[in-house]
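The values are calculated or read from the model by the stated rules, or taken from the named source; none is laboratory data. Quick caveat: nothing in here was measured; it's all calculated off a predicted structure. Every residue, glycine among them, receives a Cβ derived from its backbone with ideal geometry; neighbour counts consider all protein chains shown.
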Amino acid sequence: MKIAILAALFSVGAHATDLSGIPQNCQAPLAHDMEMTNIPYLLELGPNAARIKSIDTVVGVPAYEYYPGLYRIDCYITVHWSNGAVDYMHKFSMWEDRYDGLKGTYSER
């Protein structure tokens, strides 16, 4: 499982509400944007690699405080790629790290 500091999209923005950059739930537009932007980054895909065509949220829990003042969200998703491959029920997690900002992972369950 690869853990990485996530791309610049994770900066605090208008969609972040009170969770300091973490979406409130897996169905939020911000969660979808973060998945689309950061899954290729986490997989270290090159410029000629397959691209994400669509993402379907299967299940997820609302964001939760895992440490005082720090939030995390875990989303189970199905990713459809431009080459026809499908990642069924993969887990995309993101969380606030008190030292490095936002971090995330993408992996099979």
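A few points about this structure:
- R109 closer than 21 Å to I22 by Cα, exposed (fewer than 12 other Cβ atoms within 10 Å of the Cβ) and of a type outside the set (S, T, Y): yes
- Once segment 20-40 is narrowed to residues that are farther than 16 Å from W95 by Cα and surrounded by 14 or more Cβ atoms within 10 Å (Cβ to Cβ), the residue that is nearest to the chain's Cα centre (by Cα) is M36.
- Out of G60, G104, sole residue that is touching a residue at least 60 places away in the same chain (Cβ under 8 Å) and crowded, with 16+ Cβ neighbours inside 10 Å: G104
- Residue within segment 76-90 that is closer than 15 Å to I22 by Cβ and not in a loop (DSSP other than H, G, I, E, B) present: no
- Residue-level analysis places Y41 among those that are of a type in the set (F, W, Y) and in a helix (DSSP H, G or I).
- Among the candidates D74, D87, residue that is at pLDDT 95 or above, touching a Gly at 6+ places or on another chain (Cβ under 9 Å) and of a type in the set (D, E): D74
- Scan of segment 65-96 for residues that are of a type in the set (D, E, K, R), under 12 Å from the mean Cα position of the chain (by Cα) and closer than 17 Å to L43 by Cα, ordered by number: K91
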